[in-house]
Every structure is written in structure tokens, then in C-alpha cells.
Amino acid sequence: MASFILASDSSAFRASDTLVLEVDPRLADKTALFAWFANRLKFPEHFGSNWDAFDESLRDLSWIDQRKVVLFHRDLPLASNPKDQLTYLDVLASAVQDWQSDASHELVVVMDPSLAIRLGVAGRG
């Protein structure tokens, strides 16, 4: 997934105008995933807790004060549900691409290099 950056440490992404979140890999299902993101990224109260609402929220983030949002993954959530995990990765990749044309915010998704083979990005970085 070319939309993701490979790095083993999140400290390189920390800056005054950057919100860095380390995504909890223990999030076992999409309900837990949506709740975790809604809490950490302070999604609007009307957040619908489904993939479409998650996608829309990641593409907005207008309520976030910092210009850059970094989602750092040491491992992937949703390990017990490959279909949901793939949907999660697709939503992230799409949201990153969407933000590349918007100067008001930037969404960056960082994956530990150990995930490269699972993501199909071996040899890139």
C-alpha cells in the first residue's frame, strides 16, 4: 500500500502541529475500532459507527486543531477478522490519498516495517 509510510518509531513524526496516535493492535472487532478512533480523534456525536461514517470522519477532521494527524501502527488491529482488516486498510489508504490534495490537514499512516510483507510493500519505504 503506497499510501503508508514504513517506520519503526513514531518519535520522528512528533511535532508541535502534529497529533500522533499509536493505534492499539488489540482492537479485535470493528465496534472496538470505531469506539477507539471516535474517542481518540473526538469524532462528532453523530458518528454512525460503520465503515462509511469512519471513512467520512477520517476525510474531514476539521475539528482537530493540529494540521497533521499521524496514525502509527506497531501491528494491525482486527487480526481475527481479515475481511474487516482489509476494509480498514482500504479506508486508511483512501483517506490518505484524499488528504493529499488538501493543504488544511494531512493524514499520515505509518506502519512498522515488520508489517511490510503483510501489506505488500516489501522493498519500499
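Nothing in this text is a laboratory measurement; each read-out follows from the coordinates by a stated rule. All of these numbers come straight from a predicted model, not from anything done at the bench. Every residue, glycine among them, receives a Cβ derived from its backbone with ideal geometry; neighbour counts consider all protein chains shown.
Just a few scattered comments:
- Burial ordering of K30, K83, fewest other beta-carbon atoms within 10 Å first: K83, K30
- Taking the chain as a Gaussian network of alpha-carbon nodes connected by springs under 10 Å, the highest mean-square fluctuation of the residues D112, D55, D17 belongs to D17.
- For the chain, the mean residue ellipticity at 222 nm estimated from helices alone is -10500 deg cm²/dmol, where every DSSP H run of n ≥ 4 contributes -39500 (n - 2.57) and the total is divided by all residues, rounded to the nearest 500.
- Loop-located GluC sites (Glu not before Pro) in region 17-80 whose Cβ has at most 12 other Cβ within 10 Å (DSSP): E45
- Label corresponding to Cα Rg over 2.2 N^0.38 Å when calculated from the structure given, among (i) 1.33; (ii) 0.99; (iii) 1.13: (ii)
- Sorted by Cβ neighbour density within 10 Å, fewest at the top, the residues F13, F43: F13, F43
- Taking L33, L76, L86 in turn, the Gaussian network model of the chain (Cα-Cα springs below 10 Å) assigns the largest fluctuation to L86.
- Applying 1/(1 + (r/R0)^6) with R0 = 30 Å to the Cβ-Cβ distance of D9 and E45 gives a FRET efficiency near 0.30.
- Amide H contacts of V108: V69, V70, L71, each under 5 Å away and 5 or more positions distant or on a separate chain (H built 1.01 Å from N in the peptide plane; Pro and chain starts excluded).
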